[in-house]
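Quick notes on the structure that follows.
The values are calculated or read from the model by the stated rules, or taken from the named source; none is laboratory data. All of these numbers come straight from a predicted model, not from anything done at the bench. Positions of Cβ are backbone-derived with ideal geometry, glycine not excepted, and every protein chain shown enters the neighbour counts. Ligands, DNA and RNA are excluded from the accessible area calculation, which covers all protein heavy atoms including side chains. Shrake-Rupley method; radii C 1.70, N 1.55, O 1.52, S 1.80 Å.
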Amino acid sequence: MKSLLGLATSLAFVILTCHAVAMDLDQAAQDIIDRIAQSGLEPEINGLIEFEAARAGYGLGHDPAIEISAPGDWAMIGYDGAGGAYYLLEDQRILAIGSEGAAGVVAKDFGAFIATLTSLPSWREAVRHMAPDDVETARAGWLAYAVQWGLLAQYEEGWPYQTDGFSYPTPRAAGQAIRAHFGVEGPADPFAALHEAIHRLNDDVSVAAEGYEYEPMSR
């Protein structure tokens, strides 16, 4: 009887612990959503890193067809404006799921997410060149592309589209304001920071939808 009672107590503790972890994750996700929504910088955040906070009543929410395999639970925190979404994992990593069949962890936590992604002219275009394990090989491909398409000049000179609601004239200025607001500093080498995240933080994470497995961002 004592052993049964002990087992029941242990099971109850595990259930309560899992429930508490889930509540903590949901609260952490909501805190991120609230911080974005209350920042006064949503146009710049969306314009620079393509992130729209998944506030209640906005957007379609998590697509039930998408299956996320990762340690622990996860919670949706944002949309990318093109059918993709962002998720907070239980260990605080940030998972980006694109609408074109690629997915991956892009930062170890929300602070690194803001610090790294706002320090690049176009983090999504940078990701397309992340396949080489060697960061300098990857960087060479990215820089050639960025120069060809004027991404570096655009980052310094102005937004490529209408900027109603924007408070900052250039993506660089917006990135500086966003990082200052959230109390983070950009990494000395943002491309290398993103490359490391994509190559080092994704071994235990995968995404699938209706039998189709999303491509890792490192490919």
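Some notes on this structure:
- With the highest mean first, a sort of the peptides 97-104, 148-155 on other beta-carbon atoms found within 10 angstrom per residue produces 97-104, 148-155.
- Using only Cα coordinates, the Kirkwood hydrodynamic radius of the chain works out to 18.6 Å.
- With respect to the chain, whose longest principal axis is taken over its alpha-carbon atoms, helix 190-200 is tilted by about 30°.
- The figure for TYR212 is an accessible area of roughly 110 square angstrom, using a 1.4 Å probe on the protein chains alone.
- Sorted peptide list for 105-117, 65-77, criterion being average Cβ within 10 angstrom, highest first: 105-117, 65-77
- Directionally averaged shadow of the stretch 102-144, computed from the convex hull of its alpha-carbon atoms, nm²: 3.3
- On the beta carbon distance between ALA144 and ASP164, with R0 = 35 Å, the FRET formula returns roughly 0.60.
- Considering only alpha-carbon pairs that sit under 8 angstrom and 6 or more positions apart, the relative contact order computed for the chain is 24 percent.
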